[in-house]
1. Quick one: in the range 29-60, which of the residues that are of a type outside the set (S, T, N, Q), surrounded by 14 or more Cβ atoms within 10 Å (Cβ to Cβ) and out of contact with any Lys or Arg (no Cβ under 6 Å at 6 or more places or on another chain) is farthest from Leu109 (Cα to Cα)?
2. Exactly one of these conditions fails for Ala139: (1) within 30 Å of Thr13 (Cβ to Cβ); (2) in contact (Cβ under 8 Å) with a residue 60 or more places away in the chain. Give me its number.
3. So which strands (runs of 3 or more DSSP E) stay within the range 1-114 end to end and still have 3 or more residues that are of a type in the set (A, V, I, L, M, F, W, C)?
4. Every residue in the range 21-45 that is within 23 Å of the chain's Cα centre (by Cα) and at pLDDT below 85, please.
5. Considering only residues that are touching a strand residue (DSSP E or B) at 6+ places or on another chain (Cβ under 7 Å) and among the hydrophobic types (A, V, I, L, M, F, W, C), look in the range 61-75 and name the one that is surrounded by the most Cβ atoms within 10 Å (Cβ to Cβ).
Amino acid sequence: MKLHNIVAVVMITLGAILLGFGCSVTFFDKSGYQETTATIQQIDVLTEEADYRGRPQNDYKVYVTYKVGDVVYEHQSLGYYQSDFYVGKQVKIYYNTANPANIKADASLFGIILLIVGGALIVIAFIARRFLKAAEEKAQNSKKIVNGT
């Protein structure tokens, strides 16, 4: 298999995976879930082992409080973190109507970014394939001229 085909296949595959994850995150099945607003109650910073450069890696655990009907749900783990989160910030969440303690974060911005990057990779793959193929053909033609064939 030629280089331009290998590059294209890898980039298209990666782009398709990102598109799939992007669709999943952006348009997850919201049936059985209701939108509400929650307040960030606590953010725990969990420092993990250092990365290859020796810098510690942080993981964040976000806890929210929200109200469904007359019941207040406190200290519920959000399972999602953004760098602009702070204690007291209002965030959009989705709670399971059958079990309101079960929540999902609104991560649609992250999903949209995945969709854009995945789509861009696929477009770039086709463009790169065309340019690599043209460069390879030019090199082969130059070789034929030098060899006199």
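1. Checked the range 29-60; the qualifying residue farthest from Leu109 (Cα to Cα) is Ile43.
2. (2)
3. Passing ranges, in order: 33-50, 56-68.
4. Phe21, Gly22, Cys23, Ser24, Val25, Thr26, Phe27, Phe28, Asp29, Lys30, Ser31
5. Result: Val64.
To keep it simple, each residue is scored yes or no on (1) more than 23 Å from Phe27 (Cβ to Cβ); (2) among the aliphatic types (A, V, I, L, M).
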position	(1), (2)
Thr65	yes, no
His75	yes, no
Tyr86	yes, no
Lys92	no, no
Ile122	no, yes
Ile127	yes, yes
Glu137	yes, no
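The values are calculated or read from the model by the stated rules, or taken from the named source; none is laboratory data. None of the values given here were measured: they were computed from a predicted structure. Glycine gets a Cβ as well: all are built from the backbone with ideal geometry, and neighbour counts include every protein chain shown.
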